[in-house]
Amino acid sequence: MPSNAHEIAIVHIIDDDESLRLAVDSLLRSVGLQTRTYGAAREFLDAKRDDVPGCLVLDVRLPGISGLDFQEQLSDHGIHMPAVLVTGHGDIPMSVRAMKAGAVDFLPKPFRDQDMLDAVMGAIARDRKRRSSDGEAAEVRNRFATLSPRERQVMMLVTAGKMNKQVAGDLELSEITVKIHRGSAMRKMGARTLADLVRMADALKTANE
């Protein structure tokens, strides 16, 4: 596997067991992944993080705060990286709690190298997808912000399924004025078709929920 395949993804390994931390670090680096290692959750929070795709490999039992508690608190710190949890004392309730909090995988020690690699690659793929989705949503919001108040009204009514004539009646405008605003909104939003515009309006509604 070429080392440059993962050059913009970083795996953050948090484990107070130095031997395991180094073993996971060595394994991931052997397939070309970049890594950062930490002995405690606080070290990770205090460290400067590059804004690139990645994931956490997190021991369930950490000093100060458990890996499960830490994983559940990540979003409070503005961190949305997926996590692979590792434990030597795993049980079913713990696994369920980890998955509900967004863990990608839950590996009992000792784990097979391939299981760790598969879990990490799956977590990185999930983070790339989330980042891509977040980026697209931000672009839609930025474009929507360039619309005039009237263009926004027309866009939201049209994408709700109303005909130009109905929109004109709702807004007390002429039908030709509605068509002009609709065309302008589509151009500014970068929508080639009404279906594109509907998808964008749905994305805006989802972001505001």
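The values are calculated or read from the model by the stated rules, or taken from the named source; none is laboratory data. What you see is a predicted model; the values in this text were computed from it and never measured. Because the Cβ atoms are built from the backbone with ideal geometry, glycine has one as well, and the counts that use them run over all protein chains shown.
Some values worked out for this structure:
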item: Selected residue (criterion: surrounded by the fewest Cβ atoms within 10 Å (Cβ to Cβ)) from residues of the range 29-39 that are within 19 Å of residue 87 (Cα to Cα) and not polar (S, T, N, Q); result: 39
item: Among (1) touching a helix residue (DSSP H, G or I) at 6+ places or on another chain (Cβ under 8 Å); (2) not in a helix (DSSP H, G or I) - the single one residue 111 does not satisfy; result: (1)
item: All positions within the range 27-51 that are part of a helix (DSSP H, G or I), in contact with a strand residue (DSSP E or B) (Cβ under 7 Å, 6 or more places away or on another chain) and touching a residue at least 24 places away in the same chain (Cβ under 8 Å); result: 28, 41, 44
item: Lone qualifier among 137, 119 - being touching a strand residue (DSSP E or B) at 6+ places or on another chain (Cβ under 6 Å), surrounded by 15 or more Cβ atoms within 10 Å (Cβ to Cβ) and either more than 19 Å from residue 11 (Cα to Cα) or assigned by TED's automatic domain parsing to the domain that holds residue 58 (or both); result: 119
item: Meets criteria (without any contact (Cβ under 8 Å) to a residue 60 or more places away in the chain and part of a helix (DSSP H, G or I)) for residue 146; result: no
item: Which listed residue, of 26, 66, 75, is surrounded by fewer than 21 Cβ atoms within 10 Å (Cβ to Cβ) and at pLDDT 85 or above; result: 26
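Yes/no matrix, rows are residues, columns are (1) acidic (Asp, Glu); (2) touching an Asp or Glu at 6+ places or on another chain (Cβ under 6 Å); (3) more than 19 Å from residue 108 (Cα to Cα):
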site: 50; (1), (2), (3): yes, no, yes
site: 53; (1), (2), (3): no, yes, yes
site: 57; (1), (2), (3): no, no, no
site: 61; (1), (2), (3): no, no, no
site: 66; (1), (2), (3): no, no, no
site: 71; (1), (2), (3): no, no, no
site: 74; (1), (2), (3): no, no, yes
site: 79; (1), (2), (3): no, no, yes
site: 83; (1), (2), (3): no, no, no
